[in-house]
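Below: the structure, in structure tokens.
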Amino acid sequence: MIDDVVLFVLVLARVSVFVAFFPLFSKKQLPNQVKAGLATALSIFWLADAKNVLPDLAFDQMGSFLFLFLVIKEICIGILL
């Protein structure tokens, strides 16, 4: 259960930054609630794929410093996309 939550947060970090910086969505055309909903829906959709792609990782034994590093890494990847 903890592994699913941690993996969801990592996927959500990447997708939400991507949606925020995507030129089509970065303008004032869409309200922020729609952007947040889109990021959450895409994260739920891609969570199943992320579970299949990643090997069995022990997220429950991960420290907070490593988790923070992984979130920052996902944010940087989302900006680069």
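Data table
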quantity: Pick from the stretch 1-39, criterion part of a loop (DSSP other than H, G, I, E, B) and not aliphatic (A, V, I, L, M), ranking: nearest to PHE69 (Cα to Cα); calculated: PHE22
quantity: Single residue of the stretch 40-81 satisfying the filter (among the acidic types (Asp, Glu) and in a helix (DSSP H, G or I)) that is modelled with the lowest pLDDT; calculated: ASP60
quantity: Residue satisfying all of: in the stretch 13-44; under 10 Å from the mean Cα position of the chain (by Cα) and over 17 Å from LEU81 (Cβ atoms); most open to solvent (accessible area, probe 1.4 Å) among these; calculated: ILE44
quantity: Pair list, Cβ under 9 Å, 6 or more apart: the stretch 29-53 residue over 16 Å from ASP3 (Cβ atoms), other residue modelled with pLDDT under 80 and among the hydrophobic types (A, V, I, L, M, F, W, C); calculated: LEU30/LEU24; VAL34/PHE25; LYS35/PHE25; LEU38/PHE25; LEU38/LEU30
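The values are calculated or read from the model by the stated rules, or taken from the named source; none is laboratory data. On a predicted model such as this, the values are computed, not experimentally measured, just so you know. All Cβ positions, glycine included, derive from the backbone under ideal geometry; neighbour counts span all protein chains shown. The protein model used for the area step is the full one, side chains on, heavy atoms only, and it has no ligands, DNA or RNA in it. Shrake-Rupley method; radii C 1.70, N 1.55, O 1.52, S 1.80 Å.
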